[in-house]
1. Quick check, is residue A:142 farther than 28 Å from residue B:64 by Cα, within 7 Å of chain B (Cβ to nearest Cβ) and in a helix (DSSP H, G or I)?
2. Which one of the conditions (1) in contact with a helix residue (DSSP H, G or I) (Cβ under 8 Å, 6 or more places away or on another chain); (2) surrounded by fewer than 16 Cβ atoms within 10 Å (Cβ to Cβ); (3) over 29 Å from residue A:249 (Cβ atoms) does residue B:207 fail to meet, given that it meets all the rest?
3. Taking only segment A:201-235 into account, find how many residues are over 28 Å from the mean Cα position of the chain (by Cα), more than 9 Å from chain B (Cβ to nearest Cβ) and touching a residue at least 24 places away in the same chain (Cβ under 8 Å).
4. Filter segment B:55-96 down to the residues that are within 23 Å of the chain's Cα centre (by Cα) and surrounded by 16 or more Cβ atoms within 10 Å (Cβ to Cβ) and list them by number.
5. For segment B:258-285, what are the residues that are closer than 23 Å to residue B:179 by Cα and in contact with a helix residue (DSSP H, G or I) (Cβ under 6 Å, 6 or more places away or on another chain)?
6. For segment B:241-276, how many residues meet the condition of being surrounded by fewer than 19 Cβ atoms within 10 Å (Cβ to Cβ), touching a residue at least 12 places away in the same chain (Cβ under 8 Å) and facing chain A (nearest Cβ under 9 Å)?
7. Working carefully through the options B:114, B:148, find the one that is out of contact with any helix residue (DSSP H, G or I) (no Cβ under 6 Å at 6 or more places or on another chain) and either within 25 Å of residue A:37 (Cα to Cα) or buried (at least 17 other Cβ atoms within 10 Å of the Cβ) (or both).
C-alpha cells in the first residue's frame, strides 16, 4: 500500500509525493494523502468484490467437476465435502464409444487449420488494401467493412445448399474454406490497420532496389507483422474452438465431431444425475482456451482495445 | 533496405524502371493478385449467397424436394406465425434490455479501472476472460446448472425470499438468466471503453475541477461526450451481436427454445425451421428480414450519431 498512492495519472515518479511539498501545506497534504490511500483501498475492495462475482461461475464449475454427481445440485458452497476423479474418468471415456481424445483431436485440427488459413489469406488480402494502389480498392474496402456488420444468417442457408450440392457436407471443408478465403473481415481489418502504421520508407527503398510486391510482402512486411499475426491466431483459434453452429449444421458422423458437439451430446443424452461427467467434460473443453488466455492475455486484450479505437 | 532515409527521400526524382502507365498496370495486377483470396471469398461465400438467399426467400425450397417460386407467401406466413412473433419478441427484449445493462456495467467498471493503480492490468484481463468463453457450450452448461432447480442461484434466491424452482424451467426467469449471461461478458466493451478513457486529455478534468465542476458534471460534460465515438462503436457492435446469440440458448433449452418459447431466439428459430425442418426458403425469408432490420438499426444509429457523437476536430 505504499507506492500506488497517485489517483491522478501524472508522470511523477512513484513514491510518496509529500516530502516534495512545502512544509506550510504539510497537514493539508497529509490529509489529501490519507484520502488518496482510502480511495486506493476502496478501489481494490471494489475490484476484488467484482472479481469474485465474475470468477464465481468458473471456479464453481471447476470445483463441481471434482464433486460426486449427486452432490452438485443443491450445493451452494464452493468447497466440496467429498472430492472424486470419477467425473474426469468418465469424461475421458467419451460418449457413444468415441473417446474424448478423438473429439479433442478434431477440435485441435480444426483450430490449427483455421489459424493457418486466417494468417495466410488475411495477411495477403490486407497487404493489397494497405500497400497497393489500384482502381476499385476503396470500393472493396468499404464492402469488406460492410461484411463486418452483416448478420451471418443471410449467408449460411445458401452456403449450406451449395456445400450440400458439391458433396462437402460431413467433411471439414465447409468449416475451413472460408478461413482460407479471408471471410473473417475482422482479421483483414485488424491487419490493414496494423500495416498502415508500418513505415512506408521500408517498402519504398526495397522497391528502388528492384523488389516487387511479393518480395516486399514476404521479406519486409510479413516479418514485421508478427504481433498482429499473433493476435489474429489467438482469436482464430479460440473462435474455431468454441464454434458450435457450423459444426452442428455440417457434421453428421459423431467421430468427426469437435468438442462443442460432444458436450451437446452430453446434455442431450444424460439425465440430470450425470451432471458430474458433464461438468468435467465442460472443464476439459475449456482448458486449452484458458491456457491460451493466461499465456497471451496481453495480445488478446490489446487486440480488442485497438479494434475499438480504430473502428 | 540498406539505403538511408535521405537517399529514399531523394529517390522519386530519378526513379528507375518502366514508364508510368506500365507501372500502373503492374500495380493493378499486383493489387488484384494479392486481393484474390478475399475477393474470391467475398464473391463465393458472401455476395453470391446473399443474392441466392434473396431469391430463396421467395421460394419454398427444401433440400430434398427442391422448391418453386411462391412470391411473398413466406413473408405472409411469417406474420401469422406465433412462434416467429415470439422469437422476435424474445430477441428484441434481450437486445433492448440486455445491451444497455451490459454497456453500463462495462463503462462503470472501465471508469473504476481507469487509473494508474497497481493491478489495473490484471483486473482488466480478469474481467475480460468471460467474453472469451461466454458463447461456448461449456459455459452454457455451467449456466444451466447454476440456475437450475436447487442450483446455487436458486438457493441464493430462496435465501432472499424468492420462490424456488430454478430459473431454467420458469418462463418468466429464463430471459433474465440469458441477460445475466450477456452482462457477465461485459469485459469486451469494457476493454474498449478503457482504451477510450485513456485518450481523454487529463487537462480537461483539471480545468473542470478548477472551475468547480463536481464528479457528476465532469462525467456528463467531459467523459461522456469525449467517449461518445467509442460508446457509439460499442452500441452498434453489441446490438448486432445480441441478435446472433445461439449456442447458449440452444444448450440451455435443449434446442427447443422453451419453456413456453421464452428462449426461442431468432437464430434458434431460424435454425429449427431451416435446418431442423428443412424449410430453407422460409428460413431465408427470416434471414433477409433480419438483415433489413439490422440495416435499418445501423442506419438509425449512424444518422442520429451526428447529434450525440462528438468527434474532436483535431483527429488525434
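1. No: the conditions fail for residue A:142.
2. (1)
3. 2
4. B:84, B:86, B:87, B:88, B:90, B:91, B:94, B:95
5. B:261, B:262, B:263, B:264, B:265, B:266, B:268, B:269, B:270
6. Selection size over segment B:241-276: 2.
7. Within the list B:114, B:148, the selection yields B:148.
Condition check ((1) over 30 Å from residue A:165 (Cα atoms); (2) modelled with pLDDT under 75; (3) in the same structural domain as residue B:291 (by TED's automatic domain parsing)) across all residues:
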site: B:1; (1), (2), (3): yes, yes, no
site: B:8; (1), (2), (3): yes, yes, no
site: B:21; (1), (2), (3): yes, no, no
site: B:24; (1), (2), (3): yes, no, no
site: B:66; (1), (2), (3): no, no, no
site: B:82; (1), (2), (3): yes, no, yes
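The values are calculated or read from the model by the stated rules, or taken from the named source; none is laboratory data. Remember, it's a predicted structure, so these values are computed and weren't measured experimentally. A quick note on method: Cβ atoms are made from the backbone with ideal geometry, for glycine too, and the neighbour counts reach across all protein chains shown.
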